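The values are calculated or read from the model by the stated rules, or taken from the named source; none is laboratory data. These figures come from a predicted structure and were not determined experimentally. With ideal geometry, Cβ positions are generated from the backbone for all residues, glycine too; neighbour counts draw on all protein chains shown. Keep in mind that these areas ignore ligands, DNA and RNA; they rest on the heavy atoms of the full protein, side chains included. Shrake-Rupley method; radii C 1.70, N 1.55, O 1.52, S 1.80 Å.
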Amino acid sequence: MSLGLLGFETTFENPFTIRGIGVHSGAEVTAIFNPAEAGTGIIFQRIGQHDEVTELKAVSASVGSTDLCTVLGFSPAHSVATVEHVMAAFYALGIDNAIVEIDGAEMPVMDGSSATFIEAMEQAGIRPLGVKRRYIRVKKPVRIDHGASWAEFQPYDGTRFEVEIDFESPLIGRQVWKGDLNSVSFKNELARARTFGFMRDVERLWAMGLALGSSLENSVVIGDDNRVINMEGLRWSDEFVRHKTLDAVGDLALAGAPFLGLYRSYRGGHKVNAMALKALLSDRSAYEIVESAGARHRVAVPELIAISQPEYAPWTA
């Protein structure tokens, strides 16, 4: 189903607040989402104990660690972790500009999916701004390999994800999700897919000071008998690959502008997604920047034209 592309940049109609705990820190955190002007992008402002502010632009150049989540920033005291679920919601709803004030080191995990963020953003309302929205259109294939994993961008008339995972666990095994991405497909097929992990890894993560906030309320947990421990079970039989796709959407949102193309990955994750995005953006011949030829709220892909502004690079910090 084609909904058309947004012709103008957007922001929220009203500010709103989300409170929860960080899945790794276990600490309570409050995030205040504020509207922003066109051209701002998504900005995280971490408020320190003495009200000092660390400002982090949600773009590829700001990405630090990608081990268990995506982190913006390069030092513990000046970073914001686990941004992928909220970034996926921003991307899926087409929200280009916002300032997120956060009083902790990590975005709240909520139920382990993007659903709470989607609901709150839609309730706040989305407002078009008077500036044309630009897109990154993939012109040629770009591929990266990382051990047994790989990912690639290919030209495509729209935005599409094809994500495949392959786990030794018989419960998960090999799963594939394929589909064109828009607000409706994301909300119906991906937004509620939760993060997941194995019970056997919990003690190791705790010893590292990680997963301190993880629980059956925000994670799908697989026991030593290869069964889901959560009483309610899975939301889909392939919830695992759906969540990996959700993560990919959030990680690629760090391009700083929506991309038009096909993203494929095999046994991917945050690190592979970040590597693929940087490989695309570092090859100027692999993409072009496009926008609508006219002033319309909804546009079709054929109506987009390339702009001659090579200095436009929203993925830089």
Any idea what the dipole of the range 1-106 comes to, in debye rounded to 20, about its Cα centre with Lys/Arg Cβ at +1 and Asp/Glu Cβ at -1? 180 debye
How high is the FRET efficiency between Ser169 and Ile305 when r is their beta carbon distance and R₀ equals 41 Å, given to the nearest 0.05? 0.30
Which residue fluctuates the most in the chain, going by a Gaussian network model with Cα springs under 10 Å, if the choices are Leu281, Leu262, Leu68? Leu68
Computed [θ] at 222 nm, deg cm²/dmol, the chain (DSSP H ≥ 4; -39,500 (n - 2.57); rounded to nearest 500): -5500 deg cm²/dmol
Protection proxy ranking of 31-40, 140-149 - average other beta-carbon atoms within 10 Å, highest first: 31-40, 140-149
Taking only Cα atoms, what is the 0 to 90° angle, nearest 10, from helix 115-124's long axis to the longest principal axis of the chain? 40 degrees
Simple SL model, points at 7 angstrom along Cα→Cβ for Arg143 and Ala77; separation in nm is 4.6 nm
So if I place +1 on the C-beta of Lys and Arg and -1 on the C-beta of Asp and Glu, and nothing else carries charge, what would the dipole magnitude of the range 64-142 be about its Cα centre? I want it in debye, nearest 20. 860 debye
Looking only at the chain, where both bridge partners belong to it, what percent of the DSSP beta bridges are antiparallel (to the nearest 5)? 75 percent
Treating only the Cβ atoms of Lys and Arg (+1) and Asp and Glu (-1) as charged, compute the dipole magnitude of the range 167-262 about its Cα centre; round to the nearest 20 debye. 200 debye
Taking every alpha carbon pair in the range 256-317 and sorting the distances into 5 angstrom bins from 0 up to the bin holding the longest one, the percent per bin comes out as 3, 13, 24, 22, 17, 12, 7, 2, 0
Ignoring ligands, DNA and RNA, what accessible area per residue does the chain give at 1.4 Å, in Å²? 44 Å²
Report the one residue of Val299, Ala61, Ile118 whose Cα lies farthest in the direction of the positive end of the charge dipole of the chain (charges on C-beta: Lys and Arg +1, Asp and Glu -1; origin at the Cα centre). Val299
The relative contact order of the chain, taking Cα pairs under 8 Å that sit 6 or more residues apart, comes to a percentage of 26 percent
Please give the Cα centre distance for the range 61-117 versus the range 193-252, rounded to the nearest Å. 18 Å
If packing is taken as the mean number of other Cβ atoms within 10 Å per residue, what is the order of 157-165, 86-94, 14-22, highest first? 86-94, 157-165, 14-22
Degrees, to the nearest 10: 84-93 long Cα axis against longest axis of the chain: 40 degrees
Kindly rank 255-261, 104-110, 207-213, 130-136 from highest to lowest mean number of other beta carbons found within 10 Å of each residue. 104-110, 255-261, 130-136, 207-213
Filtered GluC sites (Glu not before Pro), the range 39-92: DSSP coil and at most 11 other beta carbons within 10 Å: Glu52
Convex hull of the range 8-98 built on C-alpha atoms - directionally averaged projected area, nm²: 6.3 nm²
